[in-house]
Amino acid sequence: METTDSRLLTGILEQAEQSAKKTLQEAKQQASAIVGDAKKKAESEMEGLRRELAQKLKQMDLRLQANMTSAKRKAILRQGDEKYQQVLARVQSMLDAKTIEPYLPQWIAEAALGLDLKEAKVACSPQCPVTETHLKTASELVEKATGSSIVLHLESKPIRGLGVVVSSLDGMVSFNNQVEIRLRRLDRVLRAMIQEHT
């Protein structure tokens, strides 16, 4: 009986050992599969993070380039503005009463042509007064340009800036040909010239 029991026990032990080996083998395979899946998942996540990081770096680079371009453009505009102010100040310092006096008849005629009136009044600055000779020359220029005559009168009320303001007798319409206004009209041309030479 002991032998039968011993054999039976040995058989059970062998079967248990085989079952344990099989379970251990399956557990190892499952563990290996889990580790493999985990590695693949980790690699996939790492690749995703790399792509995301690369995308963010690209966006940051694009933003940096845009900021640099914007800063450069602002610096160029600021430099252009500074140069414009320098040129304007220099031009204004050169335009005094003595310099502009010879041009008064042309400025009066230009303003009179712009208003297209038969009669007008001309206001001027006390620093650079308009004379009857200026008015006569301006009338002649208008007649030469249009064939029409115009009667021009001196306005008793002075203007502050150098140049002239020609207006209708009732003062309802006027054409401002003061130095400051003439320079403003040339603003775009001056800026273009400065940008061209900057």
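The values are calculated or read from the model by the stated rules, or taken from the named source; none is laboratory data. All of these numbers come straight from a predicted model, not from anything done at the bench. Heads up, the Cβs are rebuilt from the backbone with ideal geometry, glycines too, and the neighbour counts pull from every protein chain shown. Accessible surface areas use protein heavy atoms only, side chains included; no ligands, DNA or RNA. Shrake-Rupley method; radii C 1.70, N 1.55, O 1.52, S 1.80 Å.
For (1) surrounded by 10 or more Cβ atoms within 10 Å (Cβ to Cβ); (2) over 30 Å from residue 189 (Cβ atoms), each residue gets a yes or a no:
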site: 13; (1), (2): yes, yes
site: 33; (1), (2): yes, yes
site: 63; (1), (2): yes, yes
site: 72; (1), (2): yes, no
site: 94; (1), (2): no, no
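Look at residue 101 and say whether it is over 20 Å from residue 184 (Cβ atoms), open to solvent by 60 Å² or more (accessible area, probe 1.4 Å), in a helix (DSSP H, G or I) and touching a strand residue (DSSP E or B) at 6+ places or on another chain (Cβ under 9 Å). Answer is yes for this residue.
Taking the conditions exactly as written (out of contact with any Asp or Glu (no Cβ under 7 Å at 6 or more places or on another chain), exposed (fewer than 12 other Cβ atoms within 10 Å of the Cβ) and among the hydroxyl-bearing types (Ser, Thr, Tyr)), does residue 133 satisfy them or not? Yes: the conditions hold for residue 133.
Per-residue answers, yes or no, for (1) over 23 Å from residue 121 (Cβ atoms); (2) open to solvent by 70 Å² or more (accessible area, probe 1.4 Å); (3) at pLDDT 95 or above; (4) not in a strand (DSSP E or B):
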{"residue": "149", "(1), (2), (3), (4)": "no, yes, no, yes"}
{"residue": "152", "(1), (2), (3), (4)": "no, no, yes, no"}
{"residue": "165", "(1), (2), (3), (4)": "no, no, yes, no"}
{"residue": "181", "(1), (2), (3), (4)": "no, no, no, yes"}
{"residue": "189", "(1), (2), (3), (4)": "yes, yes, no, yes"}
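Is it the case that some residue within the stretch 74-86 is at pLDDT 95 or above, open to solvent by less than 30 Å² (accessible area, probe 1.4 Å) and of a type in the set (Ser, Thr, Tyr)? Checking the stretch 74-86: not a single residue is at pLDDT 95 or above, open to solvent by less than 30 Å² (accessible area, probe 1.4 Å) and of a type in the set (Ser, Thr, Tyr). Of all residues in the stretch 172-198, those being more than 21 Å from the chain's Cα centre (by Cα), touching a residue at least 24 places away in the same chain (Cβ under 8 Å) and more than 23 Å from residue 99 (Cα to Cα) number 2.
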